[in-house]
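Values quoted throughout were computed directly from the atomic coordinates according to the rules given, and no laboratory measurement underlies them. No experiment lies behind these values; they were computed from the predicted model shown. Reconstructed Cβ throughout: ideal geometry from the backbone, glycine too, with neighbour counts over all protein chains shown.
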Amino acid sequence: MTVRDDDAGRVEDALAARLAHAYGLRAVAVERIPFGVETDNFTAHLSDGGRAFVKVYRSGQDIERQIVRVESTRHARAHGVPTAAVVPDHVGRVISPGPGPALSVWEFVTAAPSAHPWTPRLAENLGLTLGRLHRVFANHPSARRLVPVRPLWWDRDPDRALRVADGVLRRIGEPRTSADAARREQVAIRRADLVAHAPGLTAGLPRVVVQPVHYDFTRPNVLVAPDDTIAAVIDFHDCIAPPAWELGRIAFDPLTVATGDDWPATALTAVAAYRFENPDLPVEQVVACARMALLQAMQSFFGVREHYERPDPVHQADLDGYWHRRWQMTRRLLGALADIEDALETSTR
């Protein structure tokens, strides 16, 4: 199921009825939230004045995998990781299967992803939260049900990213606007960086350690309170992947590296806090976290590829901005990587 605008009123009424029947919740209004990758999301305004967050799973979703993701969230929450709390239905299921589309209900968290570069306080709290999450997930109770995943930078085909770059360049063709010309130059520079640097960056990686992780511990999935504490980590996946890669992605966040005044120190603050909570990750993995984050970003053309191959009529401006910030991040981190890794080596010994 994917909710269309012309279905909205009918679907919202049906959701209100489902909430009453399956959860004993009386919704006086149901409001669609215009973001969701795998789900259609809604805020239910309840008769007692509270709110609930409702996920409606689209047709074709593997509900058993979604249940594992919810259980991962509950496991993290039970061990001190701030997450949203799932509300079981009237028979105790974390995902109610129907009639109608499957859905889950969550306590509403009054917080949002940060829209600014990480502050030192927020970087510390991000590192502490992720460190605890990884320490807790090292003994994940459902590890056998999780899916091993190779992140983009671990791609066995080193020429895949070059083919993507060439495809984007062909689609841009002769630039018609200054924005097209700027994006074409960025893609060309990224391609040249891949040719010149990716083999050496990859060769310098240690043997990669993997374990259960969140898999998308990034800016959109971390809800931040006004005092820069972490209100909730959301949208857990069901994956086994390198924890150092996930650390690098949050410590070297694209917006922070691209626009932050002192992004190297901010990143080192996040890593130090992570190490405080999770000292068991081997030092060579920690030192390589920036390299892993850089390789991931260099091999991704997310945003610019969508612009020329399948533009999003609603969110394309945001995707364009994300591409630009990530492009800036790769350039800055590539130039500073040797110093960053020296600092990581020194601080973790």
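The charge dipole of the range 5-107, taken about its Cα centre with unit charges on the Cβ atoms of Lys, Arg (+1), Asp and Glu (-1) only, comes to about 360 debye.
Magnitude of the charge dipole for the chain, about its Cα centre and with charges confined to Cβ atoms of Lys, Arg (+1) and Asp, Glu (-1), is about 600 debye.
Placing unit charges on the Cβ atoms of the charged side chains and taking the dipole of the chain about its Cα centre, the candidate lying farthest along the positive direction among VAL209, VAL54, LEU130 is VAL209.
Peptide packing: for 113-126, 176-189, the average count of neighbouring Cβ atoms within 10 Å per residue gives the ranking 113-126, 176-189, highest mean first. Summing Cβ point charges (Lys, Arg +1; Asp, Glu -1) relative to the Cα centre of the range 235-349 gives a dipole of roughly 280 debye. In terms of the Cα gyration tensor, with a ≥ b ≥ c the square roots of its eigenvalues, is the range 249-298 rounded because a/c is under 1.5, prolate because a/b exceeds b/c, or oblate? Verdict is oblate for the range 249-298.
Pull up the DSSP beta bridges for the range 120-348 and report the antiparallel fraction as a percent, rounded to 5.
Working: 6 of 8 bridges.
Among the beta bridges of the range 120-348, antiparallel pairing accounts for roughly 75 percent.
Against the set (1) 20.2; (2) 16.6; (3) 18.6, the structure's computed mean projected area of the Cα convex hull in nm² falls on (3). With respect to the chain, whose longest principal axis is taken over its alpha-carbon atoms, helix 178-203 is tilted by about 70°.
Going 7 Å from the Cα of ARG349 toward and past its Cβ, which residues in the range 201-216 have a backbone nitrogen under 18 Å from where you end up? Answer for this model: 206.
Please give the calculated 222 nm ellipticity per residue for the chain, where each DSSP H segment of at least 4 residues contributes -39500 (n - 2.57) and the sum is spread over every residue; nearest 500 deg cm²/dmol? Spell out each step's value before the answer.
Details: 12 runs with 168 residues, N = 349.
Taken over the chain, the calculation gives -15500 deg cm²/dmol.
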